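A quick write-up on the structure given underneath.
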Amino acid sequence: MIVTNGIIVTWEEPNRILNDHAILIKDGIISAIGPQQVLLDTHPEQDYLDADGQYVFPGNICAHTHFYGAFARGMAIPGSPPKDFPEILNKLWWPLDKSLTLEDVRASALVMLVDAIRNGTTTLIDHHASPNAIQGSLDVIAEAIDESGLRGVLCYEVTDRDGVDKSKAGIEENVRFIERVNRENIAGGRVGATFGLHASLTLSEATLEACRQAAPAEVGFHIHAAEHESDEYDSIAKSGMRVVDRLHRQQILGPRSIVAHAIHVDAREVDLLAKSGTWVTHQPRSNMNNGVGVSEVESMMRAGVGVCLGTDGFPHEMWEEWKMTYLLQKIWHRDPRRMSAVDVAIMAVYNNASLANQFLPGPPIGVIRPGASADLIFVDYHTHTPVTVDNLPWHIVFGIQERMVTTTIVDGKVLMQDRRILSLDEEAITAHARELAPGVWERYEDFAREV
Ligand SMILES: [Zn+2]
């Protein structure tokens, strides 16, 4: 297939914007990029897909999300509104994840994947919890990813909050699924795995040690850390150490590990994250919603931490997350010079791609160049000012939006064309989830009343 008539944003380093060029895709891989007429003349046998003057970007990557949260949309929390993040966990997320059956897990994943295709997010790093349906839950999500045509990196968040048996089951689910990923080429290599941990505040020393022992050496961990100050207080009370120090001592950190949030870390913890090569993911919409504070992502990047960008279960609109990242640092520091859009691009484009590529061996994603995976989106953006390599990050902050994504391609396969989703039956998926929602909400209310 040849993609024609697009303005190609390659997101190479350095970035290039190519006019009058076409992309030749063979077997899911970008085989050539060249002047359009030359490619058409030399490959007359190929079908072509006309981008019709739209921008062609690599598909966006989400570094941290929770598919299982889909049923929270529109759900009422019984009793008085949660006053802080620990109450949000207790009153919302923990009763909700307990309510999920494997069928709900599948439905949650599918509605999130529909949303990702629509919003041009083609690779997602998920962090899953369903304490009453642990075993096999990652297979169910992997199957949904396979059907959707997208890419995903999965894990089960181990926690002690539901007792020893369930923390053991969580460990087993991670180990089993990691072994399956290593053994099989799930979804043609579009599914990868990490080892999931909920957060320091719900993990005992014994469980952390058990996780370290159970996890294969080459696999990284995916954990929430210092999302709220309570995680720090809890860690100090339990271990005499701050959260990141504790994770460091338990050998949880490293260049394949992901720490989500890192809002309440101190300078020593930032240094440990940088020196260990641990990735930090930033989710500003979630942080604002939970009222947990602002992560010092700009300072962390200056200190050498690889900061990535995620959605934390919000709609998979990565450019929306760019905008929030850009705006939040400015108001927080009361300085409009803070958080250049170029730094947001480093997080969301280059760091997210480096992170995701570690878990998905095979041709690289997140870039348009020969040899890379053909993960592309068409963006119907027609602006009244020039677009250059230098000002593109500001066009994304101030102009480009997810509703402009018209076509989503992964592995050379068209998943959405002209806003019509081809790989999944959006209507049926939405209708099925709507049928399941009242049952999930009923079970949720029963669990929430026990809190
Ligand atoms: Zn999260």
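Throughout, read-outs are computed from the coordinates displayed, never taken from laboratory work. Just so you know, these numbers come straight off a predicted model, no measurement behind them. Glycine gets a Cβ as well: all are built from the backbone with ideal geometry, and neighbour counts include every protein chain shown.
A few comments on the model shown:
- Taking the convex hull of the alpha carbon positions in the range 134-209 and averaging its projected area over all directions gives 4.9 nm².
- Using a cutoff of 8 angstrom between alpha carbon atoms and counting only pairs six or more residues apart, the relative contact order for the chain works out to 22 percent.
- Listed residue (L436, A22, I236) projecting farthest to the positive dipole end of the chain, Cβ model: I236
- Check: the chain dipole with +1 on Lys, Arg Cβ and -1 on Asp, Glu Cβ, in debye: 820
- The orientation-averaged shadow of the Cα convex hull for the range 91-242, equal to a quarter of the hull surface, comes to 9.3 nm².
- Length released on extending from N132 to Q401, taking residue separation times 0.36 nm less the Cα-Cα span: 93.1 nm
- Annotation: the residues T101, T383, T202, sorted from fewest to most other C-beta atoms within 10 Å of their own C-beta, follow the order T383, T101, T202.
- Other residues with beta-carbon under 14 Å from the beta-carbon of I258 carry, at +1 per Lys or Arg and -1 per Asp or Glu, a net charge of -3.
- The equivalent ellipsoid of the range 164-295 has semi-axes of 25, 17, 14 Å, largest first, where each one is the square root of 5 times an eigenvalue of the Cα gyration tensor.
- Rounded tilt (10° steps) of 426-450 against the dominant C-alpha axis of the chain: 20
- Net charge of neighbours whose Cβ lies under 9 Å from the Cβ of L436, counting Lys and Arg as +1 and Asp and Glu as -1: -2
- Distance histogram in 5 Å bins (all Cα pairs of the range 1-79, percent per bin): 3, 13, 20, 17, 11, 6, 7, 7, 6, 4, 3, 1, 1, 0
- Within the chain, helix-based [θ] at 222 nm, where runs of 4 or more DSSP H residues each add -39,500 (n - 2.57), nearest 500: -11500 deg cm²/dmol
- Beta bridges assigned by DSSP with both partners in the chain are antiparallel in approximately 45 percent of cases.
- Look at the dipole of the chain built from charges on Cβ: of S99, N60, N351, the Cα furthest out on the positive end belongs to N351.
- Ratio of Rg to Rh for the chain: 0.96 [Cα atoms; Kirkwood radius as inverse mean 1/r over pairs].
- Three principal axis extents describe the C-alpha atoms of the range 1-144; from largest down they are 66, 32, 25 Å.
- With a Cα cut-off of under 29 Å and a minimum spacing of 8 residues unless on different chains, the lysine pairs in the chain number 18.
- Antiparallel bridge percentage (DSSP; both residues within the range 1-121; nearest 5): 65
- Simple spin-label estimate for Q358 and S340 in nanometres, 7 Å along Cα-Cβ: 2.5
- Pair D146, A431: separation of 7 Å Cα→Cβ label points (nm): 2.5
- Estimated FRET transfer efficiency when R0 is 45 angstrom, pair H384-A217 (beta carbons, to 0.05): 0.25
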